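I have placed the structure first, in the form of structure tokens, so that the comments after it can refer back to it.
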Amino acid sequence: MKNIAFIINPISGGKETQATKRKLPKLIMQTLDSKQWLPNIAFTEYAGHATEMARQYAHMGFDAVVAVGGDGTVNEVARGLRDTPTALGIIPMGSGNGFARHLNIPVRPQKAIEMLNHSEPISVDYGLANGHLFVSTCGTGFDAVIADHFAGSSKRGFITYLENILKDVINYTPQNYRIVGDGLDVTHKAFLITFANANQWGYEARIAPKASVQDGQMDIMLMSSHAILGSASLALRLFAGSIDSSHFMDTLRAREVTLERESVAPFHIDGDPVEMEKDIHIRMVEDGLRVLVEKRF
């Protein structure tokens, strides 16, 4: 028997998802293999609570802790489990679910629980931006502005995300950036810059199609300040997984860099806005997190 904890964020996702979560403990008990797993189920009560609980479960020697929520919940649980032998599991029940989608974890709760019954832990990388952990992406520019506005929206989901993009894109002014480190010294006027461990923001919007969580590197995606001119083509490429081949995009790869900005501006960590200094040191931590994925036969 292996000990497994489920940390459920009751407020992530839309109203329908929140209603489903209230029924989730029963679904977990019905679906989880009781001959393999001994479950413990808990709900978060405030921001940062998932990190506290995950850290405690890891200290108690639990085999796995499952984040039930969106990328923000996954991030919180990962913060508590990093650099420990306790594996992170995911039942994706947020809005974008970018990290789960990258790992091919089913977005239907029952299927995700079933996957836990025939899963295995793998070691993956995580990133740090001025000490803030990210598992999928972090970045600055237009996507960070959208993340900031999306976080303040009363409604969630892809339609709200798209509405924010259409509302803000006309008035957005790109700034100049410099990326230094790991053999790089690049100056770029960019619409946005994404530092990617995983391949997408969420919703299958693959901003870094070739990114790997097991290569010890980040893919740095720089979108040209003229991107608005090719916005329709870029949108199609984003969801087709070919945005890196657009002439509006440049791709760099590195283990550790410093991002120098003209001024303090919005920055996001795994889709959630965070306050950050003007200059940001970003590095990858190789094999720093264990994650449960579909067992490979």
Checklist entry - Residue separation times 0.36 nm, minus the C-alpha to C-alpha distance between Leu236 and Arg283: what's the value? => result 13.9 nm
Item to check | Helix 142-151 vs. the chain, principal-axis angle (Cα, 0 to 90°, nearest 10) | outcome: 40 degrees
Item to check | Rough spin-label spacing in nm, given labels placed 7 Å along Cα→Cβ, for Ser212 and Lys189 | outcome: 3.6 nm
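Given N residues in the range 171-228, what is Rg(Cα) / (2.2 N^0.38 Å)?
Working: Rg = 12.6 Å, N = 58, 2.2 N^0.38 = 10.3 Å.
The reported ratio for this selection is 1.22.
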Checklist outcome for this item: Per the Cα gyration tensor, the range 226-275 corresponds to an equivalent ellipsoid with semi-axes, largest first in Å, of 24, 15, 13
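Quote the convex hull volume per residue of the range 1-158, based on C-alpha atoms, as a whole number of Å³.
On the way: hull volume 17.9 nm³, N = 158.
Cα-based convex hull of the range 1-158, divided per residue, equals 113 Å³.
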Item to check | Relative counts (whole %) of C-alpha pair distances in the range 66-105, using bins that are 10 Å wide | outcome: 34, 56, 10
Item to check | Listed pairs Lys26/Lys111; Lys111/Lys210; Lys26/Lys295; Lys2/Lys295; Lys210/Lys278; Lys189/Lys278 exceeding 18 Å between Cα atoms | outcome: Lys111/Lys210; Lys26/Lys295; Lys210/Lys278
Next on the checklist: Please report the spacing between the Cα centers of the range 179-244 and the range 255-297 in Å, no decimals.
Outcome noted: 13 Å
Checklist entry - What fraction of the Cα pairs in the chain, stated in percent, has a spacing above 31 angstrom? => result 26 percent
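Could you sort Trp37, Trp201 by accessible area so the largest value comes first, with the probe set to 1.4 Å? It would help to have the intermediate numbers written out before the result.
Numbers: Trp37 10, Trp201 55 Å².
Descending order: Trp201, Trp37.
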Item to check | Set of aspartates and glutamates with alpha-carbon distance to Lys21 below 15 Å, sequence-local pairs under 8 removed | outcome: Glu45
Checklist outcome for this item: Once normalised by the length of the chain, the mean sequence separation of its alpha carbon contacts under 8 Å that are 6 or more apart gives a contact order in percent of 22 percent
Checklist entry - Pick from Tyr126, Tyr203, Tyr177: which is most flexible by mean-square fluctuation in a GNM of the chain where alpha carbon atoms under 10 Å apart are linked? => result Tyr203
Item to check | Per-selection Rg to Rh, the range 1-64 - Cα, Kirkwood hydrodynamic radius | outcome: 0.99
Checklist entry - Dividing the alpha-carbon Rg of the range 201-297 by 2.2 N^0.38 Å yields what? => result 1.23
Next on the checklist: With the alpha-carbon atoms as the only input, what is the per residue convex hull volume for the range 98-141 in Å³?
Outcome noted: 95 Å³
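How much net charge surrounds Thr258 when only other residues with a Cβ under 14 Å from its Cβ are counted (Lys, Arg +1; Asp, Glu -1)?
Numbers: positive: Arg178, Arg255, Arg261, Lys278, Arg283; negative: Asp182, Asp185, Glu256, Glu260, Glu277, Asp279.
With Lys, Arg at +1 and Asp, Glu at -1, the neighbours total -1.
The values are calculated or read from the model by the stated rules, or taken from the named source; none is laboratory data. What you see is a predicted model; the values in this text were computed from it and never measured. Cβ atoms come from the backbone with ideal geometry, glycine included; neighbour counts cover every protein chain shown. Heavy atoms of the whole protein, side chains included, go into the accessibility calculation; ligands, DNA and RNA do not. Shrake-Rupley method; radii C 1.70, N 1.55, O 1.52, S 1.80 Å.
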